[in-house]
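Participant: Starting off with a structure, shown below.
The values are calculated or read from the model by the stated rules, or taken from the named source; none is laboratory data. This structure is a prediction, so every number in the text was calculated from the model and none was measured. So basically every Cβ, Gly included, is an ideal-geometry build from the backbone, and we count neighbours across all protein chains shown.
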Amino acid sequence: MQFPLTGGCQCGAMRYEITEAPLRTYACHCTDCQRITGSAFSLAIVVSDEEFRLTKGEPWLVQRLADSGRVATRWLCRDCGSWVCSAAWAVPGQAPMRIVQGGSLDDRSWLQPTRHFWTRSKQPWMEIPTGAEVFETQPG
């Protein structure tokens, strides 16, 4: 993994840089992520919002009320519709964090989720690696 990490949308209209290593890498198996990605899960990294910088383009902000009761804001490319990341959010007493979609990174070869969320809705053929942290719903 070399810094800065770079990535963007499918068409290149949105680009970003991340200047430090992700705090965690996870797979979300919720039904929303399955629908949005057209796959069995979404792969994401959590980074400090201070370490994330949009270098090109302006996102199209799409909001929805998550099962947690929190308003989730996704940043999509205005041109191609690719989901790049989620807007910064903070837990009281913590620095703001950003969720970046793993597939939007230019180099994805190092990605390996160590946590799996919403496993109660994972596809039955999906095998979670031994040693990974597993959560039936959203972890606290």
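Participant: Give the residues of segment 38-52 that are touching a strand residue (DSSP E or B) at 6+ places or on another chain (Cβ under 6 Å) and either under 13 Å from TRP118 (Cα atoms) or free of Cβ contacts under 8 Å to residues at least 40 places away in the same chain (or both), sorted by residue number.
Facilitator: Of everything in segment 38-52, those that are touching a strand residue (DSSP E or B) at 6+ places or on another chain (Cβ under 6 Å) and either under 13 Å from TRP118 (Cα atoms) or free of Cβ contacts under 8 Å to residues at least 40 places away in the same chain (or both) turn out to be PHE41, SER42, LEU43, GLU51.
Participant: A further question follows. Got at least one residue in segment 122-133 being under 15 Å from HIS29 (Cβ atoms) and crowded, with 17+ Cβ neighbours inside 10 Å?
Facilitator: Among the residues of segment 122-133, at least one is under 15 Å from HIS29 (Cβ atoms) and crowded, with 17+ Cβ neighbours inside 10 Å, which makes the answer yes.
Participant: Same structure, new question: Which one of these is in contact with a strand residue (DSSP E or B) (Cβ under 9 Å, 6 or more places away or on another chain) and not small (Gly, Ala, Ser): TRP89, TRP125?
Facilitator: TRP89
Participant: With (1) surrounded by fewer than 15 Cβ atoms within 10 Å (Cβ to Cβ); (2) modelled with pLDDT of 95 or more; (3) in contact with a Phe, Trp or Tyr (Cβ under 7 Å, 6 or more places away or on another chain); (4) not small (Gly, Ala, Ser) as the list, and VAL84 as the residue in question, which single condition is left unmet?
Facilitator: Single failed check for VAL84: (1).
Participant: Sticking with this structure for a sec: From ARG35, ARG15, grab the single residue that is in contact with a strand residue (DSSP E or B) (Cβ under 8 Å, 6 or more places away or on another chain) and of a type in the set (Lys, Arg).
Facilitator: ARG15
Participant: Name the single residue, out of those in segment 107-117 being over 14 Å from the mean Cα position of the chain (by Cα) and touching a residue at least 24 places away in the same chain (Cβ under 8 Å), that is farthest from SER82 (Cα to Cα).
Facilitator: Once the filter is applied, the top-ranked residue is TRP110.
Participant: Kindly indicate whether CYS33 is under 18 Å from HIS116 (Cβ atoms), at pLDDT below 90, buried (at least 16 other Cβ atoms within 10 Å of the Cβ) and not charged (D, E, K, R).
Facilitator: yes
Participant: I'm trying to understand the selection: among the residues of segment 87-97, which are surrounded by fewer than 13 Cβ atoms within 10 Å (Cβ to Cβ) and either under 14 Å from PRO22 (Cα atoms) or hydrophobic (A, V, I, L, M, F, W, C) (or both)?
Facilitator: Matches in segment 87-97: ALA90, VAL91, ALA95.
Results for (1) within 21 Å of THR137 (Cβ to Cβ); (2) at pLDDT below 95; (3) crowded, with 19+ Cβ neighbours inside 10 Å, shown as yes or no for each residue.
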{"residue": "ALA13", "(1), (2), (3)": "no, no, no"}
{"residue": "TYR16", "(1), (2), (3)": "no, no, yes"}
{"residue": "CYS28", "(1), (2), (3)": "yes, yes, yes"}
{"residue": "VAL46", "(1), (2), (3)": "yes, yes, no"}
{"residue": "THR55", "(1), (2), (3)": "no, no, no"}
{"residue": "ARG64", "(1), (2), (3)": "yes, yes, no"}
{"residue": "ASP67", "(1), (2), (3)": "yes, yes, no"}
{"residue": "ILE99", "(1), (2), (3)": "yes, yes, yes"}
{"residue": "SER104", "(1), (2), (3)": "no, no, yes"}
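Participant: Enumerate the pairs (first residue in segment 79-98 and of a type in the set (S, T, N, Q); second residue anywhere and in a loop (DSSP other than H, G, I, E, B)) with beta-carbon separation below 7 Å, excluding pairs fewer than 6 apart on the same chain, so at least 6 apart or on different chains.
Facilitator: SER82/CYS9; SER82/GLN10
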